[in-house]
Amino acid sequence: MRLVRYQLKNEPACYGWILEDKVGPIQGSIYGEYRRMEAKIQLSNVHLLAPAQPSKIICIGRNYAEHAKEQNAEVLNVPLLFLKPPSAILDPGDPILLPRQSKQVEHEAELVAVIGKRGRAVTAEQASEYILGYTIGNDVTARDLQRADGQWTRGKGFDTFCPFGPWIDTEFDASDALITCKVNGQPRQMASTRDLVFNVTTLVAFISSVMTLEPGDLIFTGTPAGVGPLEAGDTVEVEIEGLGRLSNPVAAQV
């Protein structure tokens, strides 16, 4: 099932589910008990929002060996964690804004796991029970600031630097799916999730040994090789086989 968060005209945002090309409202919480209402709203008539409202966004660095290599960095023996602030969240289709402080903003296509229930010290064997589903993300990065700071908060944390969506797929198989990224239709990144250094269940176990995971929290699982620059006027598309496509234009910060 594909879960969405959407707005219809000027009505409040709400959660729904997709059946073919239509959306049905959801009564209740997608993280608990809920009821699916009839899907009769045309998908083309709603504005899709980022499909979760996380308390935290946990990201994994260097989780594809080839990406680590292109950054002249080693693959570590344990996952490398960093955070993006919820204020960086961007809805599908909305513009990524290039900050004036940076001269080198880059795309990073990623598979994103969405946590479905509260968990602490979860084992890898239990991890799938804590995952609601998967979505598509772009860990937009001011590469020059990331390198200059050493710490990654500024380079990863600008407003609009966390687009994800367009939905959460609760039945998606994340074991071997092709991830691609195109800028203005030109291929930039391509790899399979089977190439992850640390798979999703390992990540859930490791992260939950450090911090409590809450419903709606996101785990950005890392980006493949091929990251590259974004310029004002570009359109960046991240696609994951069987999951969908996330598209955002790029604009200069006013």
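The values are calculated or read from the model by the stated rules, or taken from the named source; none is laboratory data. Keep in mind it's a predicted model, so treat the numbers as computed, not measured. Heads up, the Cβs are rebuilt from the backbone with ideal geometry, glycines too, and the neighbour counts pull from every protein chain shown.
If you go through segment 156-185 and keep only what is in a strand (DSSP E or B) and without any contact (Cβ under 8 Å) to a residue 60 or more places away in the chain, you end up with just Lys182. Picking from residues in segment 186-206 that are in contact with a strand residue (DSSP E or B) (Cβ under 6 Å, 6 or more places away or on another chain) and outside any helix (DSSP H, G or I), the one that is nearest to Tyr134 (Cα to Cα) is Ser192. Taken together, the criteria exclude Gly32 from residues that are at positive phi and modelled with pLDDT of 95 or more. In segment 40-61 there is at least one residue that is more than 17 Å from Gly165 (Cα to Cα), in contact with a Ser or Thr (Cβ under 7 Å, 6 or more places away or on another chain), buried (at least 16 other Cβ atoms within 10 Å of the Cβ) and touching a residue at least 12 places away in the same chain (Cβ under 8 Å).
Can Gly222 be described as touching a Lys or Arg at 6+ places or on another chain (Cβ under 9 Å), on the phi > 0 side of the Ramachandran plot and buried (at least 19 other Cβ atoms within 10 Å of the Cβ)? Answer is yes for this residue.
Looking only at residues in segment 132-146 that are part of a strand (DSSP E or B) and over 14 Å from Pro215 (Cβ atoms), the one that is farthest from the chain's Cα centre (by Cα) is Ala142. Do we have Gln151 as over 26 Å from Gly32 (Cα atoms), crowded, with 19+ Cβ neighbours inside 10 Å and not aliphatic (A, V, I, L, M) here? No, not satisfied. Counting only strands (runs of 3 or more DSSP E) wholly contained in segment 63-131, the ones carrying 2 or more residues that are crowded, with 18+ Cβ neighbours inside 10 Å, in contact (Cβ under 8 Å) with a residue 60 or more places away in the chain and not basic (Lys, Arg) occupy 96-98, 109-115. Looking only at residues of segment 62-100 that are small (Gly, Ala, Ser) and at pLDDT below 95, we find that the one that is farthest from the chain's Cα centre (by Cα) is Ala73. Within segment 220-231, is there a residue that is touching a residue at least 24 places away in the same chain (Cβ under 8 Å), in a loop (DSSP other than H, G, I, E, B) and in contact with a Pro (Cβ under 9 Å, 6 or more places away or on another chain)? Scanning segment 220-231, I find at least one residue that is touching a residue at least 24 places away in the same chain (Cβ under 8 Å), in a loop (DSSP other than H, G, I, E, B) and in contact with a Pro (Cβ under 9 Å, 6 or more places away or on another chain), so the answer is yes.
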